[in-house]
Amino acid sequence: MFDFYFEIPLVIRLILQGLAVIMVIFPIAGACSMAERKVAAWIQDRPGPNRATVPWVAWIPFLGKFLQRLGVFHVMADGGKMMFKEDSLPGHVNKFYFVLAPIVAMVPALTTVVAVPFGAYFDAAGKLIPLGLAPLDIGMLAVFAVSSLGVYSAILAGWASNSKYPFLGSVRASAQLISYELSMTLAVLPVFLWVNAPGTEGTMGFARVVEFQSQPGFLGGMWFGFLMPISAFIFLVALFAETNRQPFDTVESESDLVGSFHTEYGAFKWGLFFVAEYSHMIVGSGVFMLLFGGGWNPLPWVSLATAVDFLGTFLPFAHAPLFVGILSIAIFMGKVLAMIFFFMWVRWTLPRFRYDQVMKIGWQKLLPLSIANLLFYAIAIALIQK
Amino acid sequence: MAVITVERKPLTFLERTYLPQIAGGLKTTFKHLIAPKKTLEYPEQRPAIPVGYRGVPTLVKDPNGREKCVSCQLCEFVCPPKAIRITPGEIPADQADRAHVEKGPQAFDIDMLRCIYCGLCQEVCPEEAIFLQNQFSMSGYTRAEMVNHKDRLYELGGTLPDAHHKWDKKKTAEEHGNAH
């Protein structure tokens, strides 16, 4: 049925796939900005943005009103505003790097998606094939390597802005990123120690991690979030810090730094920073869910294969690769969106840590904790898998 | 007064991890997330105006639909920002039922860009003709639009119940020959 697709040259196919993923990530990032406003409003007992509407939709009796109340059209209004307002270039900035910074922000944010599988299907032999742009064997390494590049955009933007608050903000951003990168890396090591059991082919890919979380049995079906709660916790905290979200958004603390490295930015260039931030969140949540949240398995101890078999008892097409693929992507996206909701929920709950507290938590608390965690699991895994 | 020394207990281990507090905070915000919203969605929903509210000043008519203001100009004199401007005039000859009232305003302007809604005009009015009523929103595109003329003031004011019927009593008294 889809043979014609596989006859297209590989390069064009990959470009099409890449565009398809970007076409999903971009609107989600936009919708996240809306969701952020809505969640903020709901937590503060307000209804939130609910006025913008477009005539043709407003005429639909029930749905139109519902969408308007949900604030769906504010996304378009916001986006349209960002596109069409004057894209100012202050006179005192270093023009080249000033323009380069938002582009550099977008590149790692969208590149990391390449290594993240977002679904799976079973081929004719019943083998699990992960869906992703590039099923790299170095998955986790690629994500770490590329996502850390995001700090260059912050440094570039802060430095090129030629103004002290953006500069301070970018210095904070880089210091914070480096501090938490260490704990984050150490926190995921136990997972890969466990996955790379002796006698198996070594990998840093995500697909194997998810495969490990979908085995039968009590220990096999356990998500790594339950098996290694400390790792999951450290990774989560570091993820908050790396994406500059509350309570670690000292980088953007508008009360003491005006608006950090994007103080001098406006219009579409500012919008790019914004989308990059949300793309980081989406990819970060995706990685968290793959490593600790079971990936595309619907429930702990219920793997995708079990779920498909169960659905197969009353849905004749449940075993079709297309259906399984869509189901797994839906499950995975649902988990990622739940994580993003959690990010927002935390943002509107906690106050911001002071900068010295951020550094203290990073270096004096999380780093020793992650080293101890690594040692504990290294010994435990050595004893279990010997 | 006795000085009470409050012992500041050191934070427990759990408190120093912030985690129980964070969980508590998340619980509280989640309750608000699903709680009914408290916003009054203004143009559709209007606030309940409390009794004694001082809104836009208006002129009112008596229950017989007659003008109450006698253009004594007390409000004009008392008005702190000098928002009121009255041109006194005679009662038109065709209004026989008001002939016993000596005067009425020919023009009565309140500049709402000056008005501070203090309510002194209402307080000082011997005829109970000017009231600060419930209208709280006043807007216009030009300065001229923001001046309420007499017609507009009566339109906004309408008719309020009157317990005294001062001028009717005076007229009856005059007709029966006693001074009051």
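Which value, in debye to the nearest 20, gives the size of the charge dipole of region A:219-346 about its Cα centre, when Lys and Arg are +1 and Asp and Glu are -1 at the Cβ? Don't jump to the answer; show the numbers that get you there.
On the way: 3 positive and 8 negative charges, 93 e Å.
That gives region A:219-346 a dipole magnitude of about 440 debye.
Legend: helices of chain A (whole DSSP H runs) are marked when their alpha-carbon atoms reach 20 angstrom or more along the helix axis and their mean Kyte-Doolittle hydropathy is at least 1.0; marked are A:10-43, A:95-111, A:267-292, A:321-347, A:367-384.
Taking a cut-off of 17 Å, what percent of all Cα-Cα pairs in region A:53-186 are separated by more than that? Walk me through the intermediate numbers first.
Values: 6618 of 8911 pairs.
Distances greater than 17 Å cover 74 percent of the Cα pairs.
A simple spin-label model places the labels of B:HIS165 and B:ILE4 6.6 nm from each other, with each point 7 Å out along Cα-to-Cβ. As a calculated quantity, the FRET efficiency between A:TYR5 and A:PHE218 at R0 = 45 Å, using C-beta atoms, amounts to about 0.65. Each Lys and Arg adds +1 at its Cβ and each Asp and Glu adds -1 at its Cβ; summed about the Cα centre, the protein assembly as shown shows a dipole of about 960 debye.
Over the C-alpha trace of region A:143-207, radius of gyration and Dmax come out as 17.0, 56 angstrom.
Among B:ASP168, A:ASP123, B:ASP109, the order by Cβ neighbours within 10 angstrom, fewest to most, reads A:ASP123, B:ASP168, B:ASP109. If R0 is taken as 22 Å, the Cβ-Cβ distance between B:GLU44 and B:SER139 corresponds to a FRET efficiency of 0.80. Remark: relative contact order (chain A) = 21 percent; criterion is Cα-Cα distance under 8 angstrom and separation of 6 or more residues.
Positive-end ranking of A:VAL308, A:HIS319, A:ASN162 along the dipole of chain A, with charges on Cβ about the Cα centre, is headed by A:ASN162. Backbone amide hydrogens, once placed in the peptide plane, bring A:GLY119 within less than 5 Å of A:LEU131, excluding anything fewer than 5 places away on its chain.
Working note: Karplus 6.51/-1.76/1.60 with θ = phi - 60° gives region B:91-108 the couplings 6, x, 5, 6, 9, 5, 6, 10, 4, 6, 7, 5, 9, x, x, 7, 9, 9 Hz, where Gly and Pro are set to x.
Mind checking which lysines have their C-alpha under 28 Å from A:LYS365, skipping anything on the same chain fewer than 8 residues away? Straight-line reach from A:LYS365, under 28 Å: B:LYS9, B:LYS27.
Counting only lysines at least 8 places from A:LYS95 when in the same chain, those with an alpha carbon closer than 25 Å to its own are A:LYS81, A:LYS85, A:LYS164, A:LYS269. Sorting A:SER214, B:SER137, A:SER170 from the fewest to the most surrounding beta carbons within 10 angstrom yields B:SER137, A:SER214, A:SER170.
Would you please name the GluC sites (Glu not before Pro) within region B:17-109 that are DSSP coil residues with at most 14 other C-beta atoms within 10 Å of their C-beta?
Details: sites: B:GLU41, B:GLU44, B:GLU67, B:GLU76, B:GLU90, B:GLU102; in loops: B:GLU41, B:GLU44, B:GLU102.
The qualifying sites are B:GLU41, B:GLU44, B:GLU102.
Taking 7 Å steps out from each Cα toward its Cβ at A:MET83 and B:PHE13 produces label points 5.7 nm apart.
Taking R0 as 22 Å, what's the FRET efficiency between A:ALA330 and A:GLN44 from their Cβ-Cβ distance, rounded to 0.05?
Values: r = 31 Å, r/R0 = 1.40.
E(calc), rounded to 0.05, equals 0.10.
Excluding the site residues themselves, the longest part of chain B lacking any trypsin sites (Lys or Arg not before Pro) in a DSSP loop with at most 12 other Cβ atoms within 10 Å is B:83-142.
Provide, for region B:57-174, the number of lysine pairs with alpha carbons under 16 Å apart, each pair being eight or more places apart or on different chains. Counting lysine pairs in region B:57-174 gives 13.
Net charge dipole, region A:65-169: roughly 360 debye, given to the nearest 20, about the Cα centre with Cβ charges of +1 for Lys and Arg and -1 for Asp and Glu.
For region A:91-384, the equivalent ellipsoid derived from the alpha-carbon gyration tensor has semi-axes of 36, 22, 16 Å in decreasing order. One chain, two ends: B:ARG152 and B:LYS103. Fully extended at 0.36 nm per residue, the span grows by 15.6 nm beyond their Cα-Cα distance. Amide H contacts of B:LEU132: B:THR58, each under 5 Å away and 5 or more positions distant or on a separate chain (H built 1.01 Å from N in the peptide plane; Pro and chain starts excluded). Treating each Cα of region B:16-158 as one equal point scatterer and applying the Debye formula with no solvent, the log10 of I(q)/I(0) at q = 0.10, 0.16, 0.20 Å⁻¹ comes out as -0.48, -0.88, -1.22.
For region A:252-386, what relative contact order do you get, as a whole percent, if you take Cα pairs closer than 8 Å and at least 6 residues apart? So the answer I get is 17 percent.
Within region A:209-280, which chymotrypsin sites (Phe, Trp or Tyr not before Pro) sit in a loop by DSSP and count at most 16 neighbouring Cβ atoms inside 10 Å? Numbers along the way, then the final one.
Numbers: sites: A:PHE212, A:PHE218, A:TRP223, A:PHE224, A:PHE226, A:PHE233, A:PHE235, A:PHE240, A:PHE248, A:PHE261, A:TYR265, A:PHE268, A:TRP270, A:PHE273, A:PHE274, A:TYR278; in loops: A:PHE218, A:TRP223, A:PHE248, A:TYR265.
The qualifying sites are A:PHE218.
The smallest convex shape that holds all Cα atoms of the protein assembly as shown, its convex hull, gives 294 Å³ per residue.
Loop-located trypsin sites (Lys or Arg not before Pro) in region A:71-131 (DSSP state not H, G, I, E or B) with no more than 16 neighbouring Cβ atoms inside 10 Å: A:LYS85, A:LYS127. Between B:HIS176 and A:MET23, the simple label model (points 7 Å from Cα in the Cβ direction) yields a spacing of 9.3 nm.
Find which of B:ILE22, B:TYR117, B:VAL147 sits farthest along the positive direction of the dipole of chain B, computed with +1 on the beta-carbon of Lys and Arg, -1 on that of Asp and Glu, about the Cα centre. Among B:ILE22, B:TYR117, B:VAL147, the one farthest towards the positive end of the dipole of chain B is B:ILE22. Entry note, region B:57-174: relative contact order of 36 percent, from Cα contacts under 8 Å with a spacing of 6+ residues.
Ordering A:HIS74, B:HIS165, A:HIS262, A:HIS92 by the number of other Cβ atoms within 10 Å of each residue's own Cβ, fewest first, gives A:HIS92, B:HIS165, A:HIS74, A:HIS262. Toward the positive end of the charge dipole of region A:91-384, about the Cα centre and with charges on Cβ (Lys, Arg +1; Asp, Glu -1), which of A:VAL209, A:LEU133, A:SER260 goes farthest? The one lying farthest along the dipole's positive direction is A:SER260.
We did not get these values from a lab; they are worked out from the coordinates using the rules stated. This is a predicted model, so every value here is computed, not measured. As a convention, Cβ positions derive from the backbone with ideal geometry for all residues, glycine included, and neighbour counts pool all protein chains shown.
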